[in-house]
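The values are calculated or read from the model by the stated rules, or taken from the named source; none is laboratory data. Small disclaimer: the values here were computed from a predicted structure and weren't measured. Counting neighbours? That spans all protein chains shown, and the Cβs are built from the backbone with ideal geometry, glycine included.
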């Protein structure tokens, strides 16, 4: 569901320091590369102590701050602007203990607001992934690769950096997703042995004329039991979710391709453009052609 190019910035900070991040329509990730920091989430709750190797995911519509001490004064920060080069030593000493300070790396990902993924609806305002939890090795490897790209600026870095940022977000979400205290909602439904089968079928074959009974049969559940469990975990009936996914897929195709409306309608499971346009407008409030004009790459 990411739109545009992700952004990344690093800084080597010496106390006292504090950065205030305003609300924004994106998701952010903070990585403590060296030293430690305090993260204060929305509402001024208890500050969270982060150590080297810890990663925090932040729903960026939630304002938050990072500082060396909860009592330190805060300055406004903007991840959309790269930290000036003189804030990151060019001699490679930033991560050496003798240099002191706290080394932070942060990234932001703009999210399409029209059709947010249900996983993000379940995501808490702040998720902290400690260095010692499962999956940390992969996260650490990605962070190190990302740091190497930023340091060396070799040919192809403009392609490698956003790809590594996407991987960093993916693995961070996966670590949260697979934690013992995993959330309810869509994330838990996709881990359910039976419901995950139905979700995979819907995602892989949205064009199929699915019925509740057919999906239930694939899950080896009765129709009533399947519908009840699906609704309890995802908070919506199976066919409502199917329509949501079809329109999400259609919106993505309208934004990112020049495929004709008839092709998109067929891929979304509609036999003709009229039925598709009617369903699309009912779900998103605008006609497909207008949605493409306002949101698409192809105009």
Inset, instruction - Would you list the helices (runs of 4 or more DSSP H) that sit entirely within the stretch 205-299 and hold 3 or more residues that are in contact (Cβ under 8 Å) with a residue 40 or more places away in the chain? - result: 223-234, 238-256
Inset, instruction - Output yes when any residue across the stretch 171-191 is surrounded by 15 or more Cβ atoms within 10 Å (Cβ to Cβ), in contact (Cβ under 8 Å) with a residue 60 or more places away in the chain and assigned to a loop (DSSP other than H, G, I, E, B), and no when none is. - result: yes
Legend entry - Scope the stretch 91-110; condition more than 21 Å from residue 37 (Cβ to Cβ) and at pLDDT 70 or above; matching residues: 110
Legend entry - Flag if residue 9 is within 19 Å of residue 143 (Cβ to Cβ), buried (at least 16 other Cβ atoms within 10 Å of the Cβ) and modelled with pLDDT of 90 or more: no
Inset, instruction - Exactly one condition in (1) in contact with a helix residue (DSSP H, G or I) (Cβ under 8 Å, 6 or more places away or on another chain); (2) at pLDDT 80 or above; (3) within 30 Å of residue 235 (Cβ to Cβ) is not met by residue 138; state its number. - result: (3)
Inset, instruction - May I ask you to verify whether residue 4 is modelled with pLDDT under 85 and more than 15 Å from the chain's Cα centre (by Cα)? - result: no
Legend entry - residue 248 within 29 Å of residue 123 (Cβ to Cβ) and in the same structural domain as residue 196 (by TED's automatic domain parsing): yes
